[in-house]
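The values are calculated or read from the model by the stated rules, or taken from the named source; none is laboratory data. Since we're looking at a predicted model, the values are computed, not measured. Methodologically, a virtual Cβ is constructed for each residue, glycine included, from the backbone with ideal geometry; neighbour enumeration extends over all protein chains shown. Accessible surface is based on the protein model in full, side chains and every heavy atom, while ligands, DNA and RNA are left aside. Shrake-Rupley method; radii C 1.70, N 1.55, O 1.52, S 1.80 Å.
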Amino acid sequence: MSIDSRLLSGIGTFIAVAETGNFARAAEALSLTPSAVSRSIARLEDRLGIRLFERNARSTVLTEAGQSMFTEVAPLLVGISEAASNAVAGAELVRGRLRVNCDGWFSSLMLAPRLQPFLDTHPNLSLDLVVRDGIGDLVSDGFDVAIRFGEPTANGLVTRKLLETRILTCASPAYLARYGRPEHPSDLAGGGHQCLLFRDPASGRPFEWEFHRAGTVLPVKVDGRLVLNDVATSLAACVAGLGIAQPMALGIDEMLADGRLVELFPDWNEERFPLHAYYPSRHLCPCRVRAFLDFVSGLGGASSMAE
């Protein structure tokens with residue numbers, strides 16, 4: 001649809017003159033000079049090929065054509081004004097549909113169990129939560145925001161760091177009963193232990209294992225027969241005794257507390273893994289997106305293992 005912006009500008013001036021009945025008062029209402037209003041009306045009349053006002057030194061009166069145009073156009077401008085007001089209200093209120101592209105681990109363990117208070121606070125908001133392996137094209141896929149673990153990717157989106165979580169090394173009691181408990185990270189090298197390898201979605205290769213303590217980074221080459229690309233599956237395999245895993249601390253407090261998982265090297269657990277939000281534009285970010293990001297940022301405090 002093609003819209004002549006000059007025509008719309010002239011119509012706005014025309015409505016102001018018709019409503020005030022005077023070029024000077026219309027100019028005051030529009031913060032223009034009377035001569036600018038006069039020129040705008042003259043251009044509009046030339047463009048339309050009709051005379052809109054009969055004017056002299058004492059009065060300004062709509063012509064028959066001008067009255068007909070005013071009758072037709074005025075309600076349309078009221079509708080435009082109301083639509084603009086509604087759009088502004090929608091931006092200022094947390095309402096409408098929010099589409100979120102989310103990491104599966106964070107969605108299942110941290111987000112879904114804690115969503116009810118957020119939804120109760122914003123009863124006019126509906127949340128479309130989609131779990132995907134990657135961000136993809138956020139704009140063309142129709143998402144408002146994406147939530148992803150890992151370092152930011154150079155994809156032209158606005159990035160906001162939400163929280164950090166530590167990387168732990170864990171095994172189940174069943175695994176330790178079968179293979180024994182390693183005393184040091186270096187004990188995992190050499191084939192004596194089975195480690196659950198996790199595939200890096202960016203490179204397609206399993207992540208290298210590292211252990212961090214007081215600024216020291218200890219890389220260890222581990223062995224494993226099972227490679228996974230889903231964090232929840234990796235965690236389930238670890239609980240089942242299939243191997244040692246390096247899960248994120250965020251969301252596994254209960255498993256550690258009830259003994260389903262045992263942290264192996266609590267003095268080598270200082271590696272941090274960030275959670276970021278991605279969204280298309282910082283300029284005039286919708287209120288529903290800001291509210292959701294603030295909510296998600298606060299979830300880090302819901303897990304004592306997050307920091």
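Quick notes on this structure:
- Restricting the search to strands (runs of 3 or more DSSP E) fully inside the stretch 197-254 and requiring at least 2 residues that are more than 19 Å from Arg272 (Cα to Cα) gives 226-228.
- Qualifying residue in the stretch 212-231 (condition: closer than 18 Å to Ala112 by Cα and open to solvent by less than 50 Å² (accessible area, probe 1.4 Å)): yes
- Against the conditions (1) touching a strand residue (DSSP E or B) at 6+ places or on another chain (Cβ under 8 Å); (2) without any contact (Cβ under 8 Å) to a residue 60 or more places away in the chain, Thr159 satisfies every one except (2).
- All conditions but one from (1) buried (at least 18 other Cβ atoms within 10 Å of the Cβ); (2) within 25 Å of Met110 (Cβ to Cβ) apply to His193; the one that does not is (2).
- Residues (part of a loop (DSSP other than H, G, I, E, B) and touching a Leu at 6+ places or on another chain (Cβ under 9 Å)) located in the stretch 140-166: Asp144, Gly150, Asn155, Leu157
- For the stretch 98-139, taking the residues that are part of a strand (DSSP E or B) and among the polar types (S, T, N, Q), the one that is surrounded by the most Cβ atoms within 10 Å (Cβ to Cβ) is identified as Asn101.
- All of (1) at pLDDT 90 or above; (2) not in a helix (DSSP H, G or I) hold for Ala306 with one exception: (1).
- Within the stretch 42-62, no residue that is more than 14 Å from Arg25 (Cα to Cα) sits with its Cβ atom under 6 Å from a residue that is surrounded by fewer than 12 Cβ atoms within 10 Å (Cβ to Cβ) at 6+ positions apart or across chains.
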